[in-house]
Amino acid sequence: MKTAIRTILISTVLLGSAAFAQSDDIGQVDLDPIAGAIGATPKVNLNFGPAMMRGFAESFRGNNAELAGIIDSVAGLRLMVFEDAGINPAMRGRIEETASELSVAGWTPAMEVRDGETRVDLFLNESEAFVEGLVLMVMDGDDTAVFANIYGDLDPVVIGKLIGSGNALDGMDLDNLAGQLQSITGGESGAGEEG
């Protein structure tokens, strides 16, 4: 009886959780509840689906085919960057709640960093063959927060080879990344293609 009650409670939490309003993409997580807890507009707000990810991959294809291949395997990307957000206790509580929900849903807490006012949490959703989702939550002090969700069928072997080769960022002009994103999105840093 206790097992049945526990199963019902866990199922209710998962089905009723706003953070797990997932689409057909098992690695996709709705980050809007976290943004709502902040109550501010993100400085950067990207929401790319498969078409935009293919376009983004093409921008790297000539310089770094492996990186382009990895980006091509990404079904979607959600990225929100908040600066001067005035991070409040409600927001910190929402992040703790999201981390707990991810753990209960079977996501692997792959990395956790606690250093003074800095908090980093990285969760992975893995199948036997792929990393199907990644959620990154970063808070730095009381004013900066970054939240990202990448989902698709990411081949961990290819990613490992790319990182191991030291060529992971070859062909990526980090100083001009904002310009690359703007050219892909038509000039909007707050792109909004639903993925």
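Note on segment 68-84: among residues that are among the hydrophobic types (A, V, I, L, M, F, W, C) and surrounded by fewer than 21 Cβ atoms within 10 Å (Cβ to Cβ), the one that is farthest from residue 135 (Cα to Cα) is 68. Counting the residues of segment 85-125 that are more than 23 Å from residue 152 (Cβ to Cβ), surrounded by 17 or more Cβ atoms within 10 Å (Cβ to Cβ) and of a type in the set (A, V, I, L, M) gives 4. Scanning segment 104-130 for residues that are in contact with a Gly (Cβ under 9 Å, 6 or more places away or on another chain), free of Cβ contacts under 8 Å to residues at least 60 places away in the same chain and either assigned to a strand (DSSP E or B) or among the small types (Gly, Ala, Ser) (or both) yields 116, 118, 123, 124, 126. Checking the stated criteria, residue 131 turns out not to satisfy the condition of being of a type in the set (A, V, I, L, M) and modelled with pLDDT of 90 or more. Of the residues in segment 54-64, not one is over 19 Å from residue 145 (Cα atoms), buried (at least 18 other Cβ atoms within 10 Å of the Cβ) and under 13 Å from the mean Cα position of the chain (by Cα). Check segment 137-151 and report whether any residue there is within 26 Å of residue 39 (Cβ to Cβ), of a type in the set (S, T, N, Q) and not in a loop (DSSP other than H, G, I, E, B). Yes, there is a match, as at least one residue in segment 137-151 is within 26 Å of residue 39 (Cβ to Cβ), of a type in the set (S, T, N, Q) and not in a loop (DSSP other than H, G, I, E, B).
Go through segment 35-51 and count every residue that is in a helix (DSSP H, G or I) and out of contact with any strand residue (DSSP E or B) (no Cβ under 8 Å at 6 or more places or on another chain). Before you say what the answer is, go through the steps one by one.
Restricting attention to segment 35-51, the residues satisfying the condition of being in a helix (DSSP H, G or I) are 35-38, 50-51.
Then drop every residue that is not out of contact with any strand residue (DSSP E or B) (no Cβ under 8 Å at 6 or more places or on another chain), which leaves 36-37, 51.
Selection size over segment 35-51: 3.
Taking each residue of segment 84-100 that is touching a residue at least 40 places away in the same chain (Cβ under 8 Å) and looking for partners that are in a loop (DSSP other than H, G, I, E, B) and surrounded by 13 or more Cβ atoms within 10 Å (Cβ to Cβ) with beta-carbon atoms closer than 6 Å, six or more apart or interchain, yields 84/143; 85/40; 85/143; 87/142.
Residues considered: 119, 61, 54. Of these, the only one that is among the basic types (Lys, Arg) and under 22 Å from residue 138 (Cβ atoms) is 119. Taking the criterion of being more than 16 Å from residue 73 (Cα to Cα), touching a residue at least 40 places away in the same chain (Cβ under 8 Å) and more than 11 Å from the chain's Cα centre (by Cα), the residues of segment 131-153 that qualify are 139, 141, 142, 143, 144, 145. The condition of being touching a Gly at 6+ places or on another chain (Cβ under 9 Å) and either modelled with pLDDT under 55 or acidic (Asp, Glu) (or both) holds for only one of 25, 30, that being 25.
The values are calculated or read from the model by the stated rules, or taken from the named source; none is laboratory data. Owing to the predicted nature of the structure, the values given are computational and were not obtained by experimental measurement. Here the Cβ is made from the backbone with ideal geometry for all residues, glycine too, and neighbour counts use every protein chain on show.
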